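Asks: Quick one: the structure is below, and I'll ask about it shortly.
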Amino acid sequence: MSDARPIGLFDSGVGGLTVLDAVARRLPDENLLYLGDTARLPYGTKSPETVRRYARRAVGLLLSRGVKAVVVACNTATALALDAIAEIVDVPLVGVVEPGARAALRVLSALPEADRGAPVAVLATEATVASDAYGRAIRALDPRHRVLNVACPLFVPLAEEGWTENEVARAAAARYLAPVADAGARVVVLGCTHYPLLKRTIAAALPPATILIDSAEATAEALVSLLAPELRRNGGPGGVTHLLVTDSSERLRRVAARFLGREAAALELVDLP
Ligand code: DGL
């Protein structure tokens, strides 16, 4: 038994390619179909209603292409629209928030008792912060924990520009992360799929003992455990990755390559109804 249908991944833009990369490393035989809604990026500054409408359309397109599972590889879409997406999806569905929250608590519970009282810090877009999706997910798992949400909107354009380790990135990180250090947070969730590109700069702006949680890695792990054996593609040549975007340009190609850590495959331009 082998199911060659692709796994669908969706993000507002190219940030979700950090999730795609983590999925491709764990499931090298699977075909992957990625949709970046680049024409409508950013989602992080939009209203919940708009994000829900865009997200449902994007996932509808993946379903029309016959995906066997859907990964919402965008924190903003997961935070604001996972329930709306679940209404139209009849295949396994995974978002990035719950796996990120679980990973944060797993790490927190392994810390010495004295370090477990500080809040878990969540770095995310303004929309994700306003939704308190991580706070709700973490409290649902363990109501004793406090969450410090910090919006870091400039990290998104910095990651896209490739300015991840220069003086501008360091200045933004120092400004955004001062309250995180002040609160004594030991566990910090990268609650936006763009932020792993700034990992080194973020880590350098925080006390050395701080542990960063990459929700891309945690989501890929969650997908692996959700994919039943009969849904797996077994054998044959390695899986193929296909990238769909709603707006394409030479700049986007360069940015996509930065997120993937290698040359991006051909980008297919699609329109969302
Ligand atoms: N990739 C999105 C996220 O994870 C952020 C980019 C956006 O604002 O659309 O939240």
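Asks: Of all residues in the stretch 1-19, which are within 21 Å of Asp271 (Cα to Cα) and crowded, with 23+ Cβ neighbours inside 10 Å?
Replies: The initial filter retains those residues of the stretch 1-19 that are within 21 Å of Asp271 (Cα to Cα), namely 6-17.
Hits for the stretch 1-19 are Ile7, Gly8, Leu9, Phe10, Asp11, Ser12, Gly13, Val14, Gly15, Gly16, Leu17.
Asks: Would you kindly identify the helices (runs of 4 or more DSSP H) lying entirely within the stretch 117-165 that contain at least 1 residues that are touching a residue at least 40 places away in the same chain (Cβ under 8 Å) and more than 13 Å from the ligand (Cβ to nearest atom)?
Replies: Values: elements: 126-131, 133-141, 155-161.
Once the helices (runs of 4 or more DSSP H) in the stretch 117-165 are filtered for at least 1 residues that are touching a residue at least 40 places away in the same chain (Cβ under 8 Å) and more than 13 Å from the ligand (Cβ to nearest atom), what remains is 133-141.
Asks: Within the stretch 174-201, how many residues are within 16 Å of the ligand (Cβ to nearest atom) and outside any helix (DSSP H, G or I)? Give the derivation first.
Replies: Quick first cut of the stretch 174-201, residues within 16 Å of the ligand (Cβ to nearest atom) only: 176, 188-199.
If we keep only those that are outside any helix (DSSP H, G or I) as well, we get 188-194.
The total comes to 7.
The numbers here are math on the coordinates, done by the rules we state, and not lab data. Small disclaimer: the values here were computed from a predicted structure and weren't measured. As a convention, Cβ positions derive from the backbone with ideal geometry for all residues, glycine included, and neighbour counts pool all protein chains shown.
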